[in-house]
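Following: one structure in structure tokens, then a few remarks.
Please treat every number below as a calculation from the coordinates, not as lab data. As the structure is a computational prediction, the values presented were derived from the model and not from experiment. Cβ sites come from the backbone with ideal geometry, for glycine too, and all protein chains shown count toward neighbours.
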Amino acid sequence: MIRLENITTEDFNDLSFRIQEGSVHKIITNSDYENKRLLNVILGLERPEHGRVFLFDKEVYSLSEEELNRIFVRTGTVLKDGGLISNLKVWENIVLPVWYHSGKKPTDVEEKAVQRLRDAGMDISHLEEMMGELPGPLPVHEKRLLGFVRSALMDPDLMIYDSVFEGLSPEMSERFIKLTEKFHSEKTGRTSVYITPDEQSVKGIKEDGILRL
Amino acid sequence: MISALKIGRSIIKAFGYLTGYYNLLCYFIKNISLLGRAPIRSVLYKQLYFTGIEALSKVAAIGILIGIVIITQVINIAGANAVLIGKILIWTVVRELGPLLAAIIIIARSGTAISSELGSMKVNNEADSLRIMGIDPVDYLLVPRIAGITISVFILTFYFQITAVAGGLAFTSVFKGLPFLQNIKGIFSALGLFEVVVSLAKSLVFGLLISTVSCYQGFSVEASITEIPQAATRAVMQSLFLVFIFDGIITLISFA
């Protein structure tokens, strides 16, 4: 599913690893900066000085824009800051990729999106209030949850979580972890990768493999 | 020696910007069909609202004031001559001031807003967020903005001209006692299709220039928040500069 071969950048020297389809993996980095660099390298945003990156058995840095976009449609990434678009309302943020790629109307996925958010412990009146607002003032854990729901609606084969449990209260963290584990088990062959410099924050996740950089 | 180096660097920089604007404009023209996609169209509608509809009242106010000023000056110099008033209004408002002032209003209102907005999206990694959702940020953020601003400049120019001419004539009818219908006849006798076509062509060119420059400058911000005001300043100054240059070129070609 993910394969890095001899990756060399400022931070990594000859880094190689492979993550099998359908598995749950943790990657423990040494710092936030290294975390971001690794994520960027995997997602084709930052070409390494040396080495090759494969996603879904395709070499990321040799793909055309269109081919890479097709890979991204199958990949959900939940970023540490939520990765929400600041000038779109919360609701528009959640439905943007589904609307853009599948052509489904935003109302078609409303029920699914609301269910996911309720599973995450959000009450309906808060949701109603939040949906028409811009995401800027929201607390970071809500931004991450919204980022998760946005990715989940695309039903991806690969989910990458970028330090999403860091700084959360134990209850919040537990609920969010359960949510990601449930999501992982919903589709056969789905791969989940948790990348973080804070090993403690992903302690509660049952993994198939752990990689410490 | 140092100043020669500085001039050389400035020329290379300017050439780089012009190449960037040209490439972005070509990309826009090549991918204009993207506006058929609902999510991109929704960005276009928002841009039309912010740049076009929200500016209507300001454009109308400035248009009426300009119309009043021009007609008052004409009456002071040449007396209440309906044909002359018509001709001067057409020469100034339709041929020159309409497209130029509408463009300047858009540069001041939306050029800065767009370059700052795009710049802050770049600093906050929102372009990368779009990228990893499989959405090309240029397609989603720039194409509808260029279309929205261009259409807005086109419509606002037309609106400015109507309010300037009608407002000016209405003012002179009420306060100077000139017959409104006689002045309208003067306008129509001086107005030809050619003037209208050139004026609207100017507004289209200005719209494309302003939107391309503003989007390019905003999107060229990399990682630092201090780059945002610099990009906004460059967007305004370069848009103004290019609008005046192209205004001169089109006027020379059309009316010389």
* Where trypsin sites (Lys or Arg not before Pro) fall in DSSP loop in segment A:141-213, at most 14 other Cβ within 10 Å -> A:Lys187, A:Lys203, A:Lys206
* Per the Kirkwood formula on distinct C-alpha pairs, the Rh of segment B:111-256 is how many angstrom? -> 17.7
* To do: Can you spot the lysines whose alpha carbon is less than 19 Å from B:Lys176's alpha carbon? Ignore those fewer than 8 places along the same chain.
  => B:Lys87, B:Lys185
* Dividing the alpha-carbon Rg of chain A by 2.2 N^0.38 Å yields what? -> 1.00
* What GluC sites (Glu not before Pro) in segment A:124-153 are in a loop by DSSP, with at most 12 other Cβ atoms within 10 Å of the Cβ? -> A:Glu133
* Asked: Of the listed peptides A:32-40, A:60-68, what is their order by residue-averaged count of other C-beta atoms within 10 Å, with the highest listed first?
  -> A:32-40, A:60-68
* Structure fact -> Per the helix-only model, the protein assembly as shown has a calculated mean residue ellipticity at 222 nm (DSSP H runs of ≥4, -39500 (n - 2.57) each, divided over all residues, rounded to the nearest 500) of -19500 deg cm²/dmol
* To do: Let me know the mean shielding of A:101-114 by other chains, meaning the per-residue number of their Cβ atoms within 10 Å of its Cβ.
  => 1
* Which FRET efficiency, nearest 0.05, do A:Ile124 and B:Thr19 yield, Cβ-Cβ r, R0 60 Å? -> 0.70
* Quick one: if the Förster radius is 30 Å, what FRET efficiency do B:Ser42 and A:Gln20 give, using the C-beta to C-beta distance and rounding to 0.05? -> 0.15
* Asked: Can you list the residues, at least 5 places off or on another chain, whose amide H is less than 5 Å from the amide H of A:Thr77, using H built in the peptide plane?
  -> A:Ile160
* Asked: In degrees between 0 and 90, to the nearest 10, how far off the longest principal axis of chain A does helix A:140-152 point, with axes built from Cα atoms?
  -> 80
* Across peptide B:119-130, how many C-beta atoms of other chains are within 10 Å of each residue C-beta, on average? -> 4
* Structure fact -> To the nearest 0.05, the calculated FRET efficiency linking B:Ile184 and B:Met237 through their beta-carbon distance, R0 being 35 Å, is 0.30
* Asked: Does chain B come out rounded, prolate or oblate, given a ≥ b ≥ c as the square roots of the eigenvalues of its C-alpha gyration tensor, rounded meaning a/c under 1.5 and, failing that, prolate meaning a/b above b/c?
  -> prolate
* If a helix is a whole DSSP H run, which ones in chain B reach 18 Å or further along their own axis (Cα) and hold a mean Kyte-Doolittle hydropathy of at least -0.5? -> B:2-30, B:56-78, B:143-175, B:193-219, B:227-255
* Structure fact -> Row for segment A:131-213, column shape: gyration tensor on C-alpha, a ≥ b ≥ c, rounded if a/c < 1.5 i.e. under 1.5, prolate if a/b over b/c, else oblate; value oblate
* Hey, rough spin-label estimate for A:Ile210 and A:Ser86, points 7 angstrom out along Cα→Cβ, what's it come to in nanometres? -> 3.7
* Asked: What residues of segment A:166-205 lie in the reach of a label at A:Ser31, counting those whose backbone N is under 17 Å from a point 7 Å from the Cα along Cα→Cβ?
  -> A:196-199
* To do: Give the shape of the protein assembly as shown as rounded, prolate or oblate, defined through the alpha-carbon gyration tensor: a ≥ b ≥ c are the square roots of its eigenvalues, a/c under 1.5 means rounded, and otherwise the shape is prolate if a/b is larger than b/c and oblate if not.
  => prolate
* Asked: Mind checking the mean number of beta-carbon atoms from other chains within 10 Å of the Cβ atoms in B:39-50?
  -> 2
* 5 Å-binned pair-distance histogram of segment A:84-155 (Cα, whole percent) -> 3, 17, 32, 29, 15, 4, 0
* **Hz values of 3J(HN,Hα) by residue in segment A:170-186 - Karplus curve (6.51, -1.76, 1.60), Gly and Pro given as x** => x, 5, 4, 4, 4, 5, 5, 4, 4, 4, 6, 5, 5, 4, 4, 7, 6
* Structure fact -> Of the listed links A:Lys26/A:Lys112; A:Lys26/B:Lys46; A:Lys105/A:Lys203; A:Lys89/B:Lys202; A:Lys143/B:Lys46, those spanning more than 30 angstrom between alpha carbons are A:Lys26/B:Lys46; A:Lys105/A:Lys203; A:Lys89/B:Lys202
